[in-house]
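The values are calculated or read from the model by the stated rules, or taken from the named source; none is laboratory data. Treat the numbers as computed from the prediction; the structure is a model and nothing was measured. Methodologically, a virtual Cβ is constructed for each residue, glycine included, from the backbone with ideal geometry; neighbour enumeration extends over all protein chains shown. Quick note on the areas: whole protein, heavy atoms, side chains included, nothing else; ligands and nucleic acids left out. Shrake-Rupley method; radii C 1.70, N 1.55, O 1.52, S 1.80 Å.
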Amino acid sequence: MSDSLLTFYSLSAILALLPIFIFILIKRKQSKPRLNLPPGNMGWPFLGETIGYLKPYSATTIGEFMEQHIARYGTIYKSKLFGEPAIVSADAGLNRFILQNEGKLFECSYPRSIGGILGKWSMLVLVGDMHRDMRVISLNFLSHARLRTHLLKEVEKQSLLVLNSWSQNSIFSAQDEAKKFTFNLMAKHIMSMDPGDIETEQLKKEYVTFMKGVVSAPLNLPGTAYRKALKSRSIILKFIEGKMEERVRRIQEGNESLEEDDLLNWVLKHSNLSTEQILDLILSLLFAGHETSSVAIALAIYFLPGSPQAIQQLREEHREIARAKKQTGEVELTWDDYKRMEFTHCVVNETLRLGNVVRFLHRKAVKDVSYKGMFGGYRISIFLK
């Protein structure tokens, strides 16, 4: 049989099956329940609108992307983000409804691309009993007594290190200095790493690369932020695992250092977590503790100049605490000093109210959900403002 005749018969067979294929496709489409989705745009194939959604913007606004979409579609709209369909909400009523039904109709969920970087045992990804167990471990370590005796002193120490590094009349980035402070604090608290040491600086460098790719377009291609983040994650985990092996050896030999009274030691002694679980736990705590705190500090510095009265009241509160300590001969801050910072707490709360410390949260519907007659079973991306 000639090649042309074989091609003719093959083409005829395909054309004969085409109507059957179309019939099955239409039938399946008709059998699917119709979802009354809000208006919106699914964007490009795979990427959707991720690039526009992640475009940098001021933490005091919701960003140009959100403003344009809200003006066009309303405060609730459909989109495709991080390679997955989503409902984006800047609607206070829907956000409240979702958060009030946490664990009932919705659960914490991140797109697979973000989960792949954070790790499957990350506290930010886990739900249910395992999330509770990880949270209990963290809270047991950060007990009230430890906050009073250890953490407060370490916060003061790391703050003074950053402040003393500034030269007279120098110009600096508040956000960079806040990130330096929070990273050094978390690294010391979690793994007893001292600021300025070579290994601390190397870890910080990899961590910065890691952070740039956590919330980025999920393109695992050479040169992309996502690929670089995956590489940095591997380096960071290898570093933490090396620390773990060293600690385990010291514990077994009874040669522990009193200076290493940190989270890593505590987890190794008081939990049954696997190596993989400990690695993801430490990485997630570095991520959560570093990012939110540093942004909040930078935002407070940004907002305060707009209220000279608040600055004056803040100064008076801290000068009064300093005068009282001078009279008693005390040098270090105490828990009682911390409790006396009432207006300082007000400044922190107002900063969190005005600024976006967390750009967005992801929640997934675990049941068919209807809100004002809209959607059902879609992953919900709540945009908090």
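Assess whether Ser192 counts as being closer than 20 Å to Thr292 by Cβ, assigned by the TED database to the domain that holds Thr275 and either in contact (Cβ under 8 Å) with a residue 12 or more places away in the chain or crowded, with 21+ Cβ neighbours inside 10 Å (or both). Break it down stepwise before answering.
Details: closer than 20 Å to Thr292 by Cβ: no; assigned by the TED database to the domain that holds Thr275: yes; either in contact (Cβ under 8 Å) with a residue 12 or more places away in the chain or crowded, with 21+ Cβ neighbours inside 10 Å (or both): yes.
Answer is no for this residue.
Quick one: Phe239 ticks every box in (1) under 24 Å from Leu152 (Cα atoms); (2) of a type outside the set (A, V, I, L, M); (3) touching an Asp or Glu at 6+ places or on another chain (Cβ under 8 Å) bar one, so which box is it?
(1)
Does Ile198 satisfy the condition of being assigned by the TED database to the domain that holds Glu291, touching a residue at least 12 places away in the same chain (Cβ under 8 Å), out of contact with any strand residue (DSSP E or B) (no Cβ under 8 Å at 6 or more places or on another chain) and not polar (S, T, N, Q)?
Details: assigned by the TED database to the domain that holds Glu291: yes; touching a residue at least 12 places away in the same chain (Cβ under 8 Å): no; out of contact with any strand residue (DSSP E or B) (no Cβ under 8 Å at 6 or more places or on another chain): yes; not polar (S, T, N, Q): yes.
It is false that Ile198 is assigned by the TED database to the domain that holds Glu291, touching a residue at least 12 places away in the same chain (Cβ under 8 Å), out of contact with any strand residue (DSSP E or B) (no Cβ under 8 Å at 6 or more places or on another chain) and not polar (S, T, N, Q).
Is one or more of the residues making up segment 152-162 at pLDDT 85 or above and of a type in the set (Lys, Arg)?
Scanning segment 152-162 turns up at least one residue that is at pLDDT 85 or above and of a type in the set (Lys, Arg).
If I go through segment 62-99 residue by residue, how many of them are in contact (Cβ under 8 Å) with a residue 40 or more places away in the chain and open to solvent by 50 Å² or more (accessible area, probe 1.4 Å)?
The qualifying residues number 4.
Of the conditions (1) under 22 Å from Phe360 (Cα atoms); (2) in contact (Cβ under 8 Å) with a residue 24 or more places away in the chain; (3) surrounded by fewer than 18 Cβ atoms within 10 Å (Cβ to Cβ), Ile235 fails just one. Which one is it?
(1)
Counting just the residues of segment 260-293 that are more than 12 Å from the chain's Cα centre (by Cα) and of a type in the set (Gly, Ala, Ser), which one comes out farthest from Asp133 (Cα to Cα)?
Going residue by residue through segment 260-293, those that are more than 12 Å from the chain's Cα centre (by Cα) are 260-282.
Cutting the leftovers down to of a type in the set (Gly, Ala, Ser) gives us 271, 274.
On the way: Ser271: 10, Ser274: 13 Å.
Per the criteria, the residue is Ser274.
Scanning segment 298-325 for residues that are of a type in the set (Val, Ile, Thr) and within 33 Å of the chain's Cα centre (by Cα), which turns out farthest from Ala174 (Cα to Cα)?
Going through the qualifying residues, I end up with Ile311.
Taking Glu332 as meeting all but one of (1) of a type outside the set (S, T, N, Q); (2) free of Cβ contacts under 8 Å to residues at least 12 places away in the same chain; (3) closer than 25 Å to Phe183 by Cα; (4) outside any helix (DSSP H, G or I), write down the number of the exception.
Of (1) of a type outside the set (S, T, N, Q); (2) free of Cβ contacts under 8 Å to residues at least 12 places away in the same chain; (3) closer than 25 Å to Phe183 by Cα; (4) outside any helix (DSSP H, G or I), only one is false for Glu332: (2).
Within segment 124-146, which residues are over 23 Å from Leu279 (Cβ atoms) and either open to solvent by 70 Å² or more (accessible area, probe 1.4 Å) or in contact (Cβ under 8 Å) with a residue 12 or more places away in the chain (or both)?
Residue satisfying the conditions is His144 alone.
In the set Lys212, Lys120, which member is farther than 24 Å from Leu268 by Cβ and open to solvent by 80 Å² or more (accessible area, probe 1.4 Å)? Show your work before the answer.
Numbers: Lys120 fails: farther than 24 Å from Leu268 by Cβ.
Result: Lys212 is the single residue among Lys212, Lys120 that is farther than 24 Å from Leu268 by Cβ and open to solvent by 80 Å² or more (accessible area, probe 1.4 Å).
Got a sec? Which of Val348, Val295, Val358 is under 30 Å from Asn101 (Cβ atoms) and assigned to a loop (DSSP other than H, G, I, E, B)?
Values: Val348 fails: assigned to a loop (DSSP other than H, G, I, E, B); Val295 fails: assigned to a loop (DSSP other than H, G, I, E, B).
Only one candidate qualifies: Val358.
Residues Leu185, Leu203: which one is of a type outside the set (Val, Ile, Thr), surrounded by 13 or more Cβ atoms within 10 Å (Cβ to Cβ) and under 22 Å from Ile114 (Cβ atoms)?
Values: Leu185 fails: under 22 Å from Ile114 (Cβ atoms).
Of the residues listed, the single one that is of a type outside the set (Val, Ile, Thr), surrounded by 13 or more Cβ atoms within 10 Å (Cβ to Cβ) and under 22 Å from Ile114 (Cβ atoms) is Leu203.
Per-residue answers, yes or no, for (1) under 23 Å from Lys339 (Cα atoms); (2) in contact (Cβ under 8 Å) with a residue 12 or more places away in the chain; (3) open to solvent by less than 50 Å² (accessible area, probe 1.4 Å):
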| position | (1), (2), (3) |
| --- | --- |
| Ser284 | no, yes, yes |
| Ala288 | no, yes, yes |
| Pro308 | no, no, no |
| Arg315 | yes, no, no |
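Does Gly115 meet the test of being at negative phi, surrounded by fewer than 20 Cβ atoms within 10 Å (Cβ to Cβ) and of a type outside the set (Ser, Thr, Tyr)?
Values: at negative phi: yes; surrounded by fewer than 20 Cβ atoms within 10 Å (Cβ to Cβ): yes; of a type outside the set (Ser, Thr, Tyr): yes.
Answer is yes for this residue.
Only one residue in Ser274, Ser293 is of a type in the set (Ser, Thr, Tyr) and either within 21 Å of Met193 (Cβ to Cβ) or open to solvent by less than 30 Å² (accessible area, probe 1.4 Å) (or both). Which one? It would help to see each step written out before you state the result.
On the way: Ser274 fails: either within 21 Å of Met193 (Cβ to Cβ) or open to solvent by less than 30 Å² (accessible area, probe 1.4 Å) (or both).
Result: Ser293 is the single residue among Ser274, Ser293 that is of a type in the set (Ser, Thr, Tyr) and either within 21 Å of Met193 (Cβ to Cβ) or open to solvent by less than 30 Å² (accessible area, probe 1.4 Å) (or both).
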